[in-house]
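A.B. asks: Got a structure for you, questions after.
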Amino acid sequence: MNDQLKKVRKIPERQCMGCNEKKPKPQLLRVVRAPDGSVSLDFTGKKSGRGAYICRDVRCLRRACKTKRLERSLDCQIPEEVFVAMEEELSRHVDT
């Protein structure tokens, strides 16, 4: 009887800004605009600030940069050097 009453925990879904696919939140990587205006990758998902999600794939980051979807979602201009730094950090983190 108790087995029937157990609640199934719902896994939240988020949409990737690069490929536009909805995926479970733990599979995606959060890009954060901090209160001071800096933009960075959040591998822990706990940084404070406005967030947008991308797949853990450099191609999705590039596509989100090219279409300016991250800039619109985070409501700020993101300099090219920040994208380059995020791309390097993502490629280092994914390779390990």
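A.B. asks: Could you check the stretch 60-94 and list, in sequence order, the residues that are of a type in the set (S, T, N, Q), surrounded by 12 or more Cβ atoms within 10 Å (Cβ to Cβ) and under 20 Å from P35 (Cβ atoms)?
C.D. replies: S73
A.B. asks: If R33 satisfies every condition in (1) over 13 Å from the mean Cα position of the chain (by Cα); (2) over 16 Å from C16 (Cβ atoms) but one, which is the exception?
C.D. replies: Single failed check for R33: (1).
A.B. asks: Further question on the same structure: For residues in the stretch 65-96 being in a helix (DSSP H, G or I) and among the hydroxyl-bearing types (S, T, Y), which is farthest from F43 (Cα to Cα)?
C.D. replies: Here the answer is S73.
A.B. asks: Restricting the search to the stretch 1-17, which residues are modelled with pLDDT of 95 or more and either touching an Asp or Glu at 6+ places or on another chain (Cβ under 8 Å) or among the polar types (S, T, N, Q) (or both)?
C.D. replies: Result: Q15, single match.
A.B. asks: Still on this structure: Output the residues belonging to the stretch 14-38 that are touching a Phe, Trp or Tyr at 6+ places or on another chain (Cβ under 9 Å) and either without any contact (Cβ under 8 Å) to a residue 60 or more places away in the chain or assigned to a loop (DSSP other than H, G, I, E, B) (or both).
C.D. replies: Hits for the stretch 14-38 are R14, Q15, C16, M17, K23, K25, L28, R30, V31.
A.B. asks: So is K7 at negative phi and charged (D, E, K, R) or not?
C.D. replies: Judged against the criteria, K7 is a match.
A.B. asks: Would the stretch 46-59 turn up any residue that is out of contact with any strand residue (DSSP E or B) (no Cβ under 7 Å at 6 or more places or on another chain) and surrounded by 14 or more Cβ atoms within 10 Å (Cβ to Cβ)?
C.D. replies: Yes, the stretch 46-59 has at least one match.
The values are calculated or read from the model by the stated rules, or taken from the named source; none is laboratory data. The structure displayed is predicted, hence computed values, not measured ones. FYI the Cβ positions are ideal-geometry reconstructions off the backbone, even for glycines, and counts take in every protein chain you see.
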